[in-house]
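Shown next, in structure tokens, is the structure this report addresses.
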Amino acid sequence: MLIKHKKSWEIAEREATPESVYLNRRQIMAGAGAVGLASVFGSAHSALAAPGDDGAPMSAVRNEAYQLDRDLTPEDVNLTYNNFYEFGSHKSIAEDAQALEARPWEVTIDGMVDNPTKIDIDDLISKVGVEERLYRHRCVEAWSMTVPWIGFAFSKLVEMAGPQSGAKYIRMETFNDPGVARGIKTQPWYPWPYVEGLTIEEAQNDLAFLVVGAYGKQVADQMGAPLRLAVPWKYGFKSIKSIVKFTFTDQRPVSFWEQLQSREYAFWANVNPEVSHPRWSQATERVLHTGERVPTLLFNGYEEQVAGLYADKQDLGDLLYR
Ligand SMILES: Nc1nc2c(c(=O)[nH]1)N[C@H]1C(S)=C(S)[C@@H](COP(=O)(O)O)O[C@H]1N2
Ligand SMILES: [Mo]
């Protein structure tokens, strides 16, 4: 096992957890003890995954329309190399991220929609259904991996919401609890909560995927439990983790990274080997588990599916990543 997991009662953030929740969790853990948590929840998460938290088995039929041109990244690599600034500005946040309580989890859909709603993540999942898709994942830092995501087309959520005619964008927001994510407290200079945005057309593209699982399990805390975005034609920072809210709006959202450094992390953020990041080239990428350097493809190889979205936006070049 690569990650040394603390038992829930050893997690330092327990002081910040309301006593009732903490006790309830211990009782649940005790109840599951006889069965053996490792056998129930799989090796990678074992004792850390309290029932109903991340890591429970999740099955889904693979949608064969989404094929990879390279090997799948091993699960342990994906579980131990993460960007999730709420838990720290380095890659080894996996252990601290276990403090995230991914259940129960309420998702809010509001703004310019006919059907504003608050829905429990599991009700949402049973309402829309899930499938598995193999996607590439390319970070603006020039590393890449591939992931067997489980989730549902973003278009299903858009349809549920019923956007009003003036709505143009969807603003997404991550949870913002410094008691759970220490990095929020220790890095007060960041504009929490993490925010990202897409146009409604982007969200309705077939490739835009809302993720609730990976590797046949509920998506791990460090990967953005219980609900994250996967927009594989864009740099990884667009794929916001642990989403609590979708707001439909006529105002272009200003994302977390854009607020900090708009020259480096533009709204559009489409993967483009010809447009360098101000501080490095985007022509190639390092495949995480092999260490191999390979050429980066326009739209991360998804040009056929998404190029049409940007046909009238060639002038975005100076905003980076057209
Ligand atoms: N809330 C939140 N979402 C986030 C981030 C973050 O720091 N906070 N990092 C982003 C970045 S830069 C990348 S590359 C991906 C990383 O996803 P992974 O850890 O599953 O590879 O998540 C994105 N989503
Ligand atoms: Mo990233």
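Of note:
- Portion, in percent, of the accessible area of segment 66-319 that falls on carbon or sulfur, probe 1.4 Å: 47
- Global form of segment 66-319, assessed from the alpha-carbon gyration tensor, a/c cut-off 1.5: rounded
- Pairs with C-alpha atoms separated by more than 18 Å, drawn from the list K91/K241; K185/K245; K156/K245; K127/K168; K234/K313, are K185/K245; K127/K168.
- Distance (nanometres) between label positions extended 7 Å along Cα→Cβ at D312 and I119: 3.0
- Based on C-alpha pairs under 8 angstrom that are at least 6 apart in sequence, segment 66-319 has a relative contact order of 22 percent.
- Taking other residues whose beta carbon is less than 11 angstrom from the beta carbon of D110, and scoring Lys, Arg as +1 and Asp, Glu as -1, yields +2.
- With protein chains left intact and a 1.4 Å probe, residues in segment 66-319 average 38 Å² of accessible area per residue.
- Between segment 108-135 and segment 227-277, the alpha-carbon centres lie 20 Å apart.
- Extension gain, K168-D76: 0.36 nm per intervening residue step, less the Cα-Cα distance, totals 29.3 nm.
- Sequence-distant contacts, meaning Cα pairs under 8 Å at least 6 residues apart, place the relative contact order of segment 47-198 at 24 percent.
The values are calculated or read from the model by the stated rules, or taken from the named source; none is laboratory data. All values reported here derive from a predicted model rather than from experimental measurement. Note that each Cβ is placed from the backbone with ideal geometry, even for glycine, and that neighbours are counted across all protein chains shown. For the accessible areas, the whole protein counts, side chains as well, though only heavy atoms, and no ligand, DNA or RNA atoms are used. Shrake-Rupley method; radii C 1.70, N 1.55, O 1.52, S 1.80 Å.
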